[in-house]
Each structure stands twice: as C-alpha cells, then as structure tokens.
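First comes the structure, then the notes that go with it.
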Amino acid sequence: MEIYNSAFLGLWIIAATIFLQAIIMVAADKRRLEKGFKVGVIDPSLGQESFVFRSYRTFWNSLENIVPISIMAIVAILADYSAFKLGIIIWIYAISRIIHMLLYYFIATEKNPSPRSLFYGFGLLVTLFFSVDLVIFLI
C-alpha cells in the first residue's frame, strides 16, 4: 500500500476547518446566553447581512459536502488508489473549501453566483472528477 500521508494531512485540514467553523458559529451567536435558546434553531429573519447566518450556513454547507469526498477517500485508500493523485485531489478540495469559508464570512451578498459560489463549484468539480476517476480505477 502506498504512503497516504499527504491525503491524511489534507483530510485532517478539512476536518480541522469544519471544527473551526463550528467554534466560530457557536461564538458568533450571542443568543446562546439567553434563556429559552434552542440549539440548531436560527432566527428566520436573519439573512446574508448577519454574520450569525453566514457562520451557520458555512458550517452546515461544509458538513453537507464532507460526506462524499471523505467516503470516496476511504474507499480509495482501501483500494490502493494512487497516493499521489489522492493527495492532490484532497488538497485542492481542502483549499477550495477554506477559500469558500473565508469568502462566506467576509462577503455578505444575496447575489448568485457570488465569489464563494465559484469555490463551492470548484470543490464540487473536484469531487465529481474524483468519483469518476475512482470508479474507473475500481472497474
């Protein structure tokens, strides 16, 4: 089995990014200190202008997108997929998700597509490429 250190480090970066997003989301919502606060319930009147809204959406967007890439990475490692190629795929994905996060935090816009959408799309394309390349490898 090839050495997957680069892929493992990239996966760690992705997980650490999501953990950081969770911390930021919790810290941003001052309502947590109020009596009657319900975890996971966001004020429906909030929109892109609210950092609480953007931090919440950033975290949940990352959770929604981590599942396919991480499961495919596990399958790739178990199937002895190229460690070099997997490392590149994981790092490109990790960097695109970090840029997406930063843009989501700092650009409050209802415009679609927004700059963050480009990096979301880039991460999605990386995942699509990986899924096709992995299935070809497995066949």
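Listed by first and then second residue, the pairs linking a residue in region 76-104 that is over 14 Å from Leu124 (Cα atoms) to a residue that is part of a helix (DSSP H, G or I) and among the charged types (D, E, K, R), with Cβ atoms under 8 Å apart and 6 or more places separating them unless they lie on different chains, are Lys85/Asp133; Leu103/Arg116; Tyr104/Arg54; Tyr104/Arg57; Tyr104/Arg116.
Of all residues in region 111-130, those being hydrophobic (A, V, I, L, M, F, W, C) and either within 13 Å of the chain's Cα centre (by Cα) or surrounded by 15 or more Cβ atoms within 10 Å (Cβ to Cβ) (or both) number 5. Applying the condition of being surrounded by 10 or more Cβ atoms within 10 Å (Cβ to Cβ), of a type outside the set (Lys, Arg) and part of a helix (DSSP H, G or I) to region 24-47 and asking which residue is modelled with the lowest pLDDT yields Ala28. Among the residues here, Tyr93 does not qualify as over 13 Å from Leu11 (Cα atoms) and either assigned to a loop (DSSP other than H, G, I, E, B) or within 19 Å of the chain's Cα centre (by Cα) (or both).
Taking the listed residues Ser55, Ser50, the one that is surrounded by 14 or more Cβ atoms within 10 Å (Cβ to Cβ), at pLDDT below 95 and within 19 Å of the chain's Cα centre (by Cα) is Ser55, with no other qualifying. Picking from residues in region 69-110 that are open to solvent by less than 20 Å² (accessible area, probe 1.4 Å) and in contact with a Gly (Cβ under 6 Å, 6 or more places away or on another chain), the one that is farthest from Phe59 (Cα to Cα) is Ile90.
The values are calculated or read from the model by the stated rules, or taken from the named source; none is laboratory data. Model, not experiment: these values are computed from the prediction. Ideal geometry is used to build each Cβ from the backbone, glycine not excepted, and the neighbour counts take in all protein chains shown. Areas reflect the complete protein model, heavy atoms only, side chains present, ligands, DNA and RNA absent. Shrake-Rupley method; radii C 1.70, N 1.55, O 1.52, S 1.80 Å.
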